[in-house]
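The values are calculated or read from the model by the stated rules, or taken from the named source; none is laboratory data. The shown structure was predicted, so the numbers you read here are calculated from the model rather than taken from an experiment. All Cβ positions, glycine included, derive from the backbone under ideal geometry; neighbour counts span all protein chains shown. All accessible areas refer to the heavy atoms of the entire protein, side chains included, with ligands and DNA or RNA removed. Shrake-Rupley method; radii C 1.70, N 1.55, O 1.52, S 1.80 Å.
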Amino acid sequence: MTVSSLAAPAQAEARPDRPGATELRLAAFAAHRRARFPLGPLTLFTGPSGSGKTGAVRAYEALARLGGGAALGEVFPDPAACVPERARPDAQRRRGFRIGCTVDGPEGPVRLDVAVQAEPELRIVGERLTAGGVTLLETALRDPGRRVVQAAWHTAGSAAVTRGPLPDDRLGTALLPLRVAGRTDGERRVLAAAEQMVVALRSVYACDPSPRRMRAAAPLGAGRLLRGCDNLAEVLWRTRSECGHRYAHLVTAVRAGCAGPVTDVLAEPLGDGTVRALLDRGDGVRTHLGLLGDGELRYLALALVLLTGPGVLEVDPAGEVPAALQTLTVLADGLDRGLDVRQAGELVRLAARMCERGHIRLVGAVGDAVPVREVPGVTVVDLTP
């Protein structure tokens with residue numbers, strides 16, 4: 001594995017205002033063992049089929065969903081597939097996997113590591129939250145017969161730690177605000193670190209546009225873009241009037257990535273409660289999006305994602321933290337699927353411009369890194385053996 005970044009050399013700077021993941025760790029997950037991947041504002045995993053690109057993105061998404069409070073069974077419906085292939089069970093027939101990440105922000109780097117037992121029962125058997133060399137939360141499975149783990153969190157008061165049970169099917173870090181009172185400096189440090197981690201993990205939008213679904217007219221509704229971008233036409237209808245500046249950028253991006261002339265991207269109601277999207281070709285010619293190729297549709301959808309934000313995407317960021325202090329992270333496995341070299345290059349250049357502003361980050365997987373290596377600001381993680 002090789003890692004390259006074309007970003008400017010890091011300088012000593014103040015702590016970032018917005019939390020963001022800076023490292024993904026897969027100590028034992030699917031095809032990965034003892035793997036550490038740096039994450040920048042724009043990170044692309046590349047490598048041949050079977051090298052673990054999808055596994056890395058999937059692990060990030062799993063951490064994000066756990067940080068949002070999802071139950072373990074919802075996040076890992078097939079946990080055995082996450083266990084490294086050659087992992088042998090112990091004397092109690094237990095096998096599992098371990099994942100983690102580091103999030104930098106106002107509290108400095110905060111590290112989270114999670115150990116999951118996949119067999120014979122799915123459960124979290126260990127979790128550790130650390131910052132500045134101090135263990136702020138640590139959990140361990142003490143009694144396999146009970147569906148809880150024993151937790152100890154930093155107090156630094158009359159007692160060094162406070163102990164108590166936590167459920168074994170939820171991420172303990174996400175539950176800390178419900179259990180820690182914040183009476184001592186130590187407890188307040190625990191809460192601040194947990195909040196930084198959870199804010200970064202919750203502000204994630206996993207996107208995998210499905211051209212087949214995008215071709216149909218979409219019913220008018222909430223106007224929040226679904227993961228598969230099924231309701232692309234509805235979102236175009238909504239966003240066109242909300243921000244003319246960004247919509248103009250979208251039209252420019254579509255013009256660069258779609259075949260033939262493009263003067264505008266439109267959406268029109270059909271009178272039956274649905275809306276369809278069109279490309280205005282000029283001279284009165286309009287092309288229904290259903291006639292576009294798969295690559296053009298995926299390109300258009302991903303460009304829209306990069307040019308919008310949490311209010312338009314189907315994502316549930318931390319409501320208790322101002323939007324100005326959050327960064328949306330887009331996860332896109334197969335970012336270049338169906339795209340030609342020109343489209344992939346245009347899309348990555350658009351992503352680089354948007355990520356540079358600090359309001360959005362992108363972690364994706366691509367089959368070919370050639371079109372993106374020359375784009376400034378891209379961290380390329382090459383998983384080629």
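Restricting the first residue to region 88-106 and requiring it to be in contact (Cβ under 8 Å) with a residue 12 or more places away in the chain, which pairs with a second residue that is aromatic (Phe, Trp, Tyr) meet a Cβ separation below 6 Å and a spacing of at least six or different chains?
Phe97/Phe29; Ile99/Phe29
So, Gly68, is that one in contact with a helix residue (DSSP H, G or I) (Cβ under 8 Å, 6 or more places away or on another chain) and surrounded by fewer than 20 Cβ atoms within 10 Å (Cβ to Cβ) or not?
Yes.
Does Gly126 satisfy the condition of being assigned to a strand (DSSP E or B), in contact with an Asp or Glu (Cβ under 6 Å, 6 or more places away or on another chain) and at pLDDT 95 or above?
Here the answer is no, as Gly126 does not meet what is asked.
Restricting attention to region 248-267, report how many residues are over 20 Å from Gly334 (Cα atoms) and either part of a loop (DSSP other than H, G, I, E, B) or touching a residue at least 12 places away in the same chain (Cβ under 8 Å) (or both).
13
Take the residues in region 344-385 that are small (Gly, Ala, Ser), under 18 Å from the mean Cα position of the chain (by Cα) and open to solvent by 10 Å² or more (accessible area, probe 1.4 Å), then tell me which one is farthest from Ala248 (Cα to Cα). Show your work before the answer.
Keep residues of region 344-385 that are small (Gly, Ala, Ser), which gives 344-345, 351-352, 358, 364-365, 367, 369, 377.
Next cut, under 18 Å from the mean Cα position of the chain (by Cα) only: 351-352, 358, 364-365.
Now restrict to residues that are open to solvent by 10 Å² or more (accessible area, probe 1.4 Å): 352, 358.
Details: Ala352: 18, Gly358: 20 Å.
Filtering first and then ranking leaves Gly358.
Please work out which one of (1) open to solvent by 10 Å² or more (accessible area, probe 1.4 Å); (2) in contact with a Leu (Cβ under 7 Å, 6 or more places away or on another chain); (3) assigned to a strand (DSSP E or B) is the condition Gly73 fails and give its number.
(3)
In region 100-145, how many are buried (at least 20 other Cβ atoms within 10 Å of the Cβ) and among the hydroxyl-bearing types (Ser, Thr, Tyr)?
2
Starting from residues that are part of a loop (DSSP other than H, G, I, E, B) and at pLDDT 75 or above, keep the ones in region 1-32 and report whichever is most open to solvent (accessible area, probe 1.4 Å). Please lay out each step first, then the result.
Residues of region 1-32 part of a loop (DSSP other than H, G, I, E, B): 1, 6-19, 30-31.
Remaining after also requiring at pLDDT 75 or above: 15-19, 30-31.
Details: Arg15: 148, Pro16: 49, Asp17: 113, Arg18: 68, Pro19: 14, Ala30: 26, Ala31: 78 Å².
Step by step, filter region 1-32, then rank; the result is Arg15.
Of the numbered conditions (1) touching a Lys or Arg at 6+ places or on another chain (Cβ under 6 Å); (2) open to solvent by 50 Å² or more (accessible area, probe 1.4 Å), Asp185 satisfies every one except a single condition; which is it?
Here Asp185 clears every test but (1).
Among Val305, Val235, Val312, Val285, which is of a type in the set (A, V, I, L, M), open to solvent by 40 Å² or more (accessible area, probe 1.4 Å) and at pLDDT below 95?
Val285
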